[in-house]
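J.: First the structure, which I've put down as structure tokens, then a few questions once you've had a look.
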Ligand code: IPE
Ligand code: IPE
Ligand code: MG
């Protein structure tokens, strides 16, 4: 194992892939040029996660709020998703990657939904690395859809409202079956969550970098993991308690 010890490698990493527009603007190119360039960075982080032994990688590709962007940009992004699904899935499959899409998938048109479904089915048996792509995803949407499932269980008489606790509601949140989120990375210099994994981020370590997404590479991820390995995760306890427990 390279670099950090296995215990210091985050099991689950999430990334807000931000900065494509500014990267393109600096090159006097349209924003879609930056989104296209971001594909290479996705390949880089997937390779780095495979090498480091990360179990799950969750990428924010399109937020609930991104539907408000100019129509041509939204269209370019949809086209990019289709091309990426056509071209990259087989290679990911070859690396043992299991793909999953999270978010309000009903917002997409049928051909794209079918491509996403086909990619999930095709890679469902893989176990080396779980890659989740968040599309039309919002952390508030996630909490709402989990609450709806809880309410439906109550309506069916399978659950009592007073028995809903954090563990119970948490089981309906996206990614509940995966290791808890350890490391939350945002590229592009902004220090905000932008409605990404609100529930799941509760005790993740946050890492912000000015690097624009298309420039993010394997060395950048290594740097984030090294930073993570130096953190002391206390979960509300004291440093002394943590030291005695380990
Ligand atoms: C992130 O890059 C990609 C998406 C939101 C789809 P941006 O497009 O937000 O890039 P900046 O923040 O304008 O540079
Ligand atoms: C967050 O980036 C969404 C994705 C990276 C997909 P934005 O660029 O949309 O976030 P804001 O608008 O700066 O908060
Ligand atoms: Mg942005």
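The numbers here are math on the coordinates, done by the rules we state, and not lab data. Only a predicted model underlies this, so the values are computations on that prediction, with no experimental measurement involved. Using ideal geometry, Cβ is built from the backbone for each residue, glycine included, and neighbour counts are taken over all protein chains shown.
J.: Mind listing the Cα extents of segment 85-137 along all three principal axes, in Å, largest one first?
T.: 29, 19, 15
J.: Moving to a separate point now. In vacuo Debye scattering of the chain, one point per C-alpha: log10 I(q)/I(0) at q = 0.09, 0.11, 0.13 Å⁻¹?
T.: -0.42, -0.62, -0.86
J.: Report the semi-axes of the equivalent ellipsoid for segment 1-140 in whole Å, largest first, where each axis is √(5λ) for an eigenvalue λ of the Cα gyration tensor.
T.: 25, 19, 14
J.: Note down the nm distance, to one decimal, between modelled labels 7 Å out along Cα→Cβ at residue 87 and at residue 104.
T.: 3.0
J.: Now a separate question. Take the Cα coordinates of segment 153-246, assign each an equal point scatterer, and use the Debye formula without solvent to give log10 I(q)/I(0) at q = 0.11 Å⁻¹.
T.: For segment 153-246, the Cα-only Debye profile gives -0.50.
J.: Okay, moving on. At a Förster radius of 41 Å, what calculated FRET efficiency corresponds to the Cβ-Cβ distance of residue 164 and residue 43, to the nearest 0.05?
T.: Result of the calculation: an efficiency of 0.50.
J.: While we're here: How many nm is it between the label spots at residue 121 and residue 203, if each spot is 7 Å from the Cα in line with the beta carbon?
T.: Output for this residue pair reads 3.9 nm.
J.: Please list 210-217, 99-106, 11-18 highest first by mean number of surrounding beta-carbon atoms within 10 Å per residue.
T.: Result, highest mean first: 11-18, 210-217, 99-106.
J.: Can you give me the P(r) profile for segment 133-176? Cα pairs, bins 5 angstrom wide beginning at 0, each as a whole percent.
T.: 5, 23, 30, 22, 12, 6, 3
J.: Another question about this same structure. What per residue convex hull volume, in Å³, comes out for segment 63-165 when only alpha-carbon positions are used? Spell out each step's value before the answer.
T.: On the way: hull volume 13.9 nm³, N = 103.
Residue-normalised Cα hull volume stands at 135 Å³.
J.: Label point 7 Å out from residue 233 along Cα-to-Cβ: which residues of segment 187-225 have amide N under 17 Å?
T.: 197-208, 224-225
J.: May I pose another question? Determine the calculated [θ] at 222 nm for the chain from helices alone, applying -39500 (n - 2.57) to every DSSP H run no shorter than 4 residues and normalising by the residue count; nearest 500 deg cm²/dmol.
T.: On the way: 8 runs with 106 residues, N = 246.
Dividing the helical sum by the residues of the chain leaves -13500 deg cm²/dmol.
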